[in-house]
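Colleague: Sharing a structure here in structure tokens format.
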């Protein structure tokens, strides 16, 4: 298709054409009526708008080629009509003097009667004549003939961008960046010559067949020089196209500069990327209002393929305030060049300015840093605005960018030197006296001064727990404020002062004020003296932290509460004691959590009838995050109940915890919240509760907006220790007012952190509440909240739960599959030949993997041994431009029991069933048989999965049988040196996570085999080991691959014929650690049992010449048990290089201290007997969970051999999968190669 440089639409033929042809001797059809353009929809399809109507131009029928053929205008021969601009016809013509094709733009005779129209038409010619650029259509001639004014432009072969969008739909991001760079270069050229276009839109951008973008139609162009402009742009005249017009141009076109063109260019490519303009359909008035006041829809919601970086660039181009946009096209070009380089796009342009522009190195554009001085000026300006009046119309220039355009803020400024104190935060208007404190003594003095209204706390630790007497702050109003940089931590002593008449103790703080507020303060509660806890009588409330006494209104913003009080003491972090009326409490952007314990006691204790609002906050596991005391008098139950409003908050809830505990009538409303266990529960019925009550009378729970639940039920009824959980369906059947019509039931933990509770104890706990938004579409909502749960969003720090996030991504939805309805594909490796397979079924696994989309499940339809003759590559990345990694799941087809193994004819050194390159993979209820084919080759490794890159993997209820022989190695998972692959691709090096849930690992080999000095995060939960070899084995490298490693065993039973951890350093490796990464180990309630004849230590370190504590950090969360070990056994062995010192050996006393086992009167050493105890290590490969069921136990602290008394080890071995009897398993289908042995030898069960 061919179009002229000045065309507005190839499909439009305006009345201008008819008027022109009538002058040239043709016929004119149509009416002579006219209408104001403001009364008509103004889109890119319609002509450019000038709100003053041109009289005498009526509608006409399209011109035919014959109507113009052979006619002349000056020295131009007319060929055919192409289209029309806002006030002119565009005709393809031939220059008879120079012999070239041009686009002739002709002013209709009706318009020529208007002097302003003629002047504007000539101005267009003058403006275009100033420009000579490869991305702008050039002007060749301007003249008048037969009463018609005309301009000859360069004729551009190609298709305008609007037509291109109509034909193809949304354009790819890379293609748009290619065009956007060129148009920006053209705008820069015009800007340097003082020309602003004022009508950038898709139909004014032509794309040539060779991919060049050209700006056309300078009909509204304006010179910056006011004298040149001649005053043609008048007040009250609107110029532009309503779908793409900038807010300032709509109000007054005389205010426009190049930033207005940048805004229109942003709107244009918003249209190109999404297929629709940024403003909604409607009248011109609605569109102008939208440009000035309404944020456009996040373009990634309309086109998920738009990368975040490009969305942020668009947002800056389309900022309503010109000062927030790119100030020049060169700034835009710099960001686009940086983006093009990161995407490896070719940027070949002859424009020297574009070539010289440096590419922005940052991943995303960042806002300009703001100095504290300007912040202070802004604060005073806001206060002055409050005094002068607030009720006014907000100009469009003051509207902030849309939510999806929020970018990461600049780094925090360094702390000021000690001799120059940092600036104080803004003073509240009502404060009568404010003090700044830097020492504990100054803080104590401030609390005792009842004239103080505001205490400004400088960064530091203020340990009041050691103060020799209790502190009571009595005043009408008190505010405590921390600094914006640095942590202001107040440490308090917990004491038994939960009763209103109980005397406070030394080291405690009681606030007695009518109103109280705290901002940016970290509160740390430490245990009181041991004798204080002993004074508590049975049934009496436990120790209290911060106490608010007779406070009517309390507000906490950006505060962190940490308690070190053991949860069994039932202590409360924050206590509100009633006065003459129940208090009102508001928590905003706060975190409450335990420190050093898996859960806390009570988060906030309140009297009956209190009103609590929790907004954008996060709670770690608590026995009760919020607990309400019972009514003091029975008649109080008839008064106003306790009220709770939960909004945009996240709660860790395990099976021993609840969000709200109430002993009387209570009404709860929750919206945009997440209630979820921190990790998969050990048993399906181990759920927590949102609301716990002794009886349902007077209680209600209502979900007001989408809430997400994982391993959490809405209600628990009964006395403590004898409560029953009730689901929403069960509550509805009972007629109880407990409902959440938009509830989302999650199938897995929503937390992004692998160990969120550990992150919760860090100095910056907010990312512990980050959600897996890349994988869970149910966590998104289509409104300003964007993502449910706590975000900890403020103006200074952005999204603290998502510290690296500049804008929320799109929900993880591809194709037509709806969220929550992933596809199930079927792999049928030995499908009958010649029979058609159903849709979604394939005999070749590689075919299914190429089709995989996020959250797909591949069902394996096969029984018995299934031999792999090659490694299946798992590259789980979205095919869309800028797409991220995703997860798929493998599990058996219903009633199928496949056993995945390696083809014995495979002679490769790397014998892996699967190899993960990107994304995350989960294996559910599958069985693996792993036996190397070259037992004498020490370089061969057989493994179920090779982990090269990606987020990690999960094995759930899987069975692994390892048959290692000779020097070759067998492992469940192998993580090799990432440099072999990643260094070639320039990939980052994350630390993947490997999880084993309810798995059985047996035989001879190793569970994890890590080489190359690589760090991994590995977790085993409720799993059973019967293994001859290390559970975790690693080799160092000459240079560590980076990243620390971590291991965690929880409720596991390990029958050990080898060490738990075996590390081999690399001779000549980095430092004395020999290229091994530092390893953090955690254990919780595990049973470690020595197999018959096992004399190997629990931990072995080889070729390492450092102390074990410098390489290993070991923590015990709950007491472990060690059975059938020799009391004189070596527990840890350090074997230095041959030329170094002698080996170092540890005994049990050293081990128990190193492993941080809780102190006990006697060592946790004893004996156990299994149902079928193996007497030879060769028998380990055939053991089943039934064989390893405990028959009797014997430990010094247990009064009976009853195994039910043992808290360590597997909770329920019967929950583990039952292995397939391999000797009876069907053989795989015969191989085409008769020399192959189709079935590897297997052990007899």
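The values are calculated or read from the model by the stated rules, or taken from the named source; none is laboratory data. Computed from a predicted model, the values in this text were never measured in an experiment. Here the Cβ is made from the backbone with ideal geometry for all residues, glycine too, and neighbour counts use every protein chain on show.
Colleague: Among (1) under 30 Å from residue 862 (Cα atoms); (2) at pLDDT 85 or above; (3) in a loop (DSSP other than H, G, I, E, B), which single condition is residue 836 missing?
Modeller: (2)
Colleague: May I pose another question? Just to be sure before I move on: is residue 314 modelled with pLDDT of 90 or more and under 24 Å from the mean Cα position of the chain (by Cα) in the structure I sent? Spell out how you get there, then give the answer.
Modeller: On the way: modelled with pLDDT of 90 or more: yes; under 24 Å from the mean Cα position of the chain (by Cα): yes.
Judged against the criteria, residue 314 is a match.
Colleague: Here's something else I'd like to know. Out of the range 73-86, which residues are outside any strand (DSSP E or B) and either under 59 Å from the mean Cα position of the chain (by Cα) or more than 10 Å from residue 152 (Cβ to Cβ) (or both)?
Modeller: Those that are outside any strand (DSSP E or B) and either under 59 Å from the mean Cα position of the chain (by Cα) or more than 10 Å from residue 152 (Cβ to Cβ) (or both): 85, 86.
One line per residue, one yes/no per condition, for (1) in a strand (DSSP E or B); (2) modelled with pLDDT under 95; (3) in contact with a helix residue (DSSP H, G or I) (Cβ under 7 Å, 6 or more places away or on another chain):
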position: 983; (1), (2), (3): no, yes, no
position: 995; (1), (2), (3): yes, yes, no
position: 1001; (1), (2), (3): yes, no, no
position: 1007; (1), (2), (3): yes, no, no
position: 1048; (1), (2), (3): yes, yes, no
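Colleague: Now for a different question. Among the residues of the range 113-124, is any outside the structural domain of residue 262 (by TED's automatic domain parsing), closer than 27 Å to residue 332 by Cβ and either modelled with pLDDT under 90 or buried (at least 21 other Cβ atoms within 10 Å of the Cβ) (or both)?
Modeller: Yes.
Colleague: Hey, another quick one. So residue 248 fits all but one of (1) more than 22 Å from residue 338 (Cβ to Cβ); (2) surrounded by 22 or more Cβ atoms within 10 Å (Cβ to Cβ); (3) touching a strand residue (DSSP E or B) at 6+ places or on another chain (Cβ under 9 Å); what number is the exception?
Modeller: Looking at each condition in turn, residue 248 falls short on (3).
Colleague: While we're looking at this one, here's another question. Need the failing condition index for residue 1200 against (1) surrounded by fewer than 20 Cβ atoms within 10 Å (Cβ to Cβ); (2) in contact with a strand residue (DSSP E or B) (Cβ under 8 Å, 6 or more places away or on another chain), just the number.
Modeller: Going through the list (1) surrounded by fewer than 20 Cβ atoms within 10 Å (Cβ to Cβ); (2) in contact with a strand residue (DSSP E or B) (Cβ under 8 Å, 6 or more places away or on another chain), residue 1200 breaks only (2).
Colleague: Can you say whether residue 361 is touching a helix residue (DSSP H, G or I) at 6+ places or on another chain (Cβ under 7 Å), assigned to a loop (DSSP other than H, G, I, E, B) and at pLDDT 55 or above, as far as the supplied structure shows? Show your work before the answer.
Modeller: Values: touching a helix residue (DSSP H, G or I) at 6+ places or on another chain (Cβ under 7 Å): yes; assigned to a loop (DSSP other than H, G, I, E, B): yes; at pLDDT 55 or above: yes.
Against the criterion (touching a helix residue (DSSP H, G or I) at 6+ places or on another chain (Cβ under 7 Å), assigned to a loop (DSSP other than H, G, I, E, B) and at pLDDT 55 or above), residue 361 qualifies.
Colleague: May I ask you to say which residue of 825, 916, 849, 859 is modelled with pLDDT of 90 or more, touching a strand residue (DSSP E or B) at 6+ places or on another chain (Cβ under 8 Å), crowded, with 18+ Cβ neighbours inside 10 Å and closer than 30 Å to residue 345 by Cβ? Step through it out loud before you land on a result.
Modeller: Working: 825 fails: closer than 30 Å to residue 345 by Cβ; 849 fails: modelled with pLDDT of 90 or more; 859 fails: closer than 30 Å to residue 345 by Cβ.
One residue alone meets the criteria, 916.
Colleague: Within 28 Å of residue 878 (Cα to Cα) and in a strand (DSSP E or B): does that describe residue 701?
Modeller: Numbers: within 28 Å of residue 878 (Cα to Cα): no; in a strand (DSSP E or B): yes.
Answer is no for this residue.
Colleague: Please work out which one of (1) within 24 Å of residue 1213 (Cα to Cα); (2) in contact with a strand residue (DSSP E or B) (Cβ under 8 Å, 6 or more places away or on another chain); (3) not in a strand (DSSP E or B) is the condition residue 1130 fails and give its number.
Modeller: (1)
Colleague: Looking at residue 753 and the list (1) in a loop (DSSP other than H, G, I, E, B); (2) farther than 19 Å from residue 618 by Cα; (3) without any contact (Cβ under 8 Å) to a residue 60 or more places away in the chain, which single condition is not satisfied?
Modeller: So the condition that residue 753 fails would be (2).
Colleague: Since residue 1190 meets every condition but one in (1) surrounded by fewer than 20 Cβ atoms within 10 Å (Cβ to Cβ); (2) in contact with a strand residue (DSSP E or B) (Cβ under 7 Å, 6 or more places away or on another chain); (3) modelled with pLDDT of 85 or more, which condition does it not meet?
Modeller: (1)
Colleague: With a cut-off of at least 3 residues that are more than 40 Å from the chain's Cα centre (by Cα) and either at pLDDT 80 or above or under 28 Å from residue 595 (Cβ atoms) (or both), name the strands (runs of 3 or more DSSP E) lying wholly within the range 409-526. Before you say what the answer is, go through the steps one by one.
Modeller: Values: elements: 434-437, 454-457, 460-463, 471-474, 477-482, 488-493, 509-512, 515-519, 522-526.
Here the list reads 471-474.
Colleague: Another one. For the range 255-313, please list each of the helices (runs of 4 or more DSSP H) lying entirely inside it that holds at least 3 residues being in contact with a strand residue (DSSP E or B) (Cβ under 7 Å, 6 or more places away or on another chain). Show your work before the answer.
Modeller: Working: elements: 258-274, 284-293, 299-302.
Answer list for the range 255-313: 258-274.
Colleague: Please find, within the range 527-547, the residue that is modelled with the highest pLDDT out of those that are more than 22 Å from residue 459 (Cα to Cα) and not in a loop (DSSP other than H, G, I, E, B). Show your work before the answer.
Modeller: Of the residues in the range 527-547, the ones more than 22 Å from residue 459 (Cα to Cα) are 527-544, 547.
Then drop every residue that is not not in a loop (DSSP other than H, G, I, E, B), which leaves 530-535, 544, 547.
Working: 530: 51, 531: 44, 532: 49, 533: 47, 534: 45, 535: 47, 544: 81, 547: 90.
The extreme case among them is 547.
Colleague: Scan the range 586-597 and tell me whether some residue there is assigned to a strand (DSSP E or B), touching a strand residue (DSSP E or B) at 6+ places or on another chain (Cβ under 9 Å), surrounded by 20 or more Cβ atoms within 10 Å (Cβ to Cβ) and modelled with pLDDT under 90. Before the answer, list the steps.
Modeller: Just the residues of the range 586-597 that are assigned to a strand (DSSP E or B), to begin with: 586-588, 591-594.
Now drop any that are not touching a strand residue (DSSP E or B) at 6+ places or on another chain (Cβ under 9 Å), which leaves 586-588, 591-594.
Now restrict to residues that are surrounded by 20 or more Cβ atoms within 10 Å (Cβ to Cβ): 587-588, 591-594.
Now restrict to residues that are modelled with pLDDT under 90: 593-594.
Yes, the conditions are met somewhere in the range 586-597.
Colleague: Considering the range 194-226 alone, what residues qualify as being modelled with pLDDT under 85 and under 19 Å from residue 140 (Cβ atoms)?
Modeller: Within the range 194-226, 217, 218, 219, 221 meet the criteria.
Colleague: Does at least one position in the range 1151-1173 carry a residue that is out of contact with any strand residue (DSSP E or B) (no Cβ under 7 Å at 6 or more places or on another chain), free of Cβ contacts under 8 Å to residues at least 40 places away in the same chain and buried (at least 19 other Cβ atoms within 10 Å of the Cβ)?
Modeller: Yes, the range 1151-1173 contains at least one residue that is out of contact with any strand residue (DSSP E or B) (no Cβ under 7 Å at 6 or more places or on another chain), free of Cβ contacts under 8 Å to residues at least 40 places away in the same chain and buried (at least 19 other Cβ atoms within 10 Å of the Cβ).
Colleague: Please go through the range 86-97 and pick out each residue that is modelled with pLDDT under 90 and within 14 Å of residue 139 (Cβ to Cβ).
Modeller: Passing the criteria: 88, 90.
Colleague: I need the full set of residues from the range 1117-1127 which are in a strand (DSSP E or B) and modelled with pLDDT of 90 or more, in order please. Give the steps one after another, and end with the answer.
Modeller: Filtering the range 1117-1127 for residues in a strand (DSSP E or B) gives 1117-1118, 1121-1123.
Passing the criteria: 1121, 1122, 1123.
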